[in-house]
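Asks: What follows is a structure written as structure tokens; I'll ask about it next.
Laboratory data are not the source of any read-out in this text; all were calculated from the coordinates shown. Fair warning: this is a prediction, and the values are worked out from it, not measured in the lab. As a convention, Cβ positions derive from the backbone with ideal geometry for all residues, glycine included, and neighbour counts pool all protein chains shown.
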Amino acid sequence: MQLGHSSALEQAIISKNKDFLYTFLELQDETKEKMVRGLPDRCVILLLEVLTELFENKEMRYEVILTIRQTLSWRRNTFKASAVDVVSKEGEREVSEHAERMNALKRVLISINKEKVDLNKVYELKGRMCYIRDSLDERVEEKENVPVCREQ
């Protein structure tokens, strides 16, 4: 492992710095995309594994599942890289990076599927939560009088 990492995200992934990862999950999509695209290929798998770990620990599940999905979209070429069997000087076949990436991706997807996450329901719940939050904000802003029930 190299000592000087190129980005804060890369450092957070390797050290599993949850505080930074939570902050990362809450960033705007454009900012997240720039950070994910800037990661070296080897760190994309590590990012997915760390996010999967957060998901399995039931931490920020909505943000995690969307970030996993976005990462797979933003870095799809990382997973499409052609598989090349490498033969060492000793004549032994080494596992290609592609196979390693595909196995890591399978682990991530199996973990998510175990939970039976329905993204449509997640989006629907997010929409409802936004509506409720907006309604509450309007009430607070307008300082509406809410009827109080009194015992008679």
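Asks: Taking region 9-34 only, how many residues are surrounded by fewer than 17 Cβ atoms within 10 Å (Cβ to Cβ) and either assigned to a helix (DSSP H, G or I) or among the polar types (S, T, N, Q) (or both)? So that I can check it myself, show each step before the final result.
Replies: Step one: of region 9-34, the residues surrounded by fewer than 17 Cβ atoms within 10 Å (Cβ to Cβ) are 11, 14-20, 22-23, 26-31, 33-34.
Now restrict to residues that are either assigned to a helix (DSSP H, G or I) or among the polar types (S, T, N, Q) (or both): 11, 14-15, 17-20, 22-23, 28-31, 33-34.
Residues in region 9-34 being surrounded by fewer than 17 Cβ atoms within 10 Å (Cβ to Cβ) and either assigned to a helix (DSSP H, G or I) or among the polar types (S, T, N, Q) (or both): 15 in total.
Asks: So which residues in region 44-70 are over 13 Å from Glu10 (Cα atoms) and in contact (Cβ under 8 Å) with a residue 60 or more places away in the chain?
Replies: Selection gives Thr52, Phe55, Tyr62.
Asks: Is region 39-58 home to any residue that is assigned to a loop (DSSP other than H, G, I, E, B) and either among the acidic types (Asp, Glu) or closer than 19 Å to Lys106 by Cβ (or both)? Spell out how you get there, then give the answer.
Replies: The initial filter retains those residues of region 39-58 that are assigned to a loop (DSSP other than H, G, I, E, B), namely 39-40, 57-58.
Next, only the ones that are either among the acidic types (Asp, Glu) or closer than 19 Å to Lys106 by Cβ (or both) stay: none.
Looking through region 39-58, none of the residues is assigned to a loop (DSSP other than H, G, I, E, B) and either among the acidic types (Asp, Glu) or closer than 19 Å to Lys106 by Cβ (or both).
Asks: Also, quick follow-up: State all residues of region 60-77 that are within 13 Å of Lys18 (Cα to Cα) and out of contact with any Asp or Glu (no Cβ under 9 Å at 6 or more places or on another chain); if no residue qualifies, say none.
Replies: Initial filter on region 60-77 (within 13 Å of Lys18 (Cα to Cα)): 60, 64.
Result: Val64, single match.
Asks: On to the next question. Output the residues belonging to region 59-75 that are more than 17 Å from Arg107 (Cβ to Cβ) and part of a helix (DSSP H, G or I). Outline the logic, then answer.
Replies: Here is the first cut: in region 59-75, the ones more than 17 Å from Arg107 (Cβ to Cβ) are 59-63, 66, 70, 73-74.
Arg61, Tyr62, Glu63, Leu66, Gln70, Ser73, Trp74, listed by residue number.
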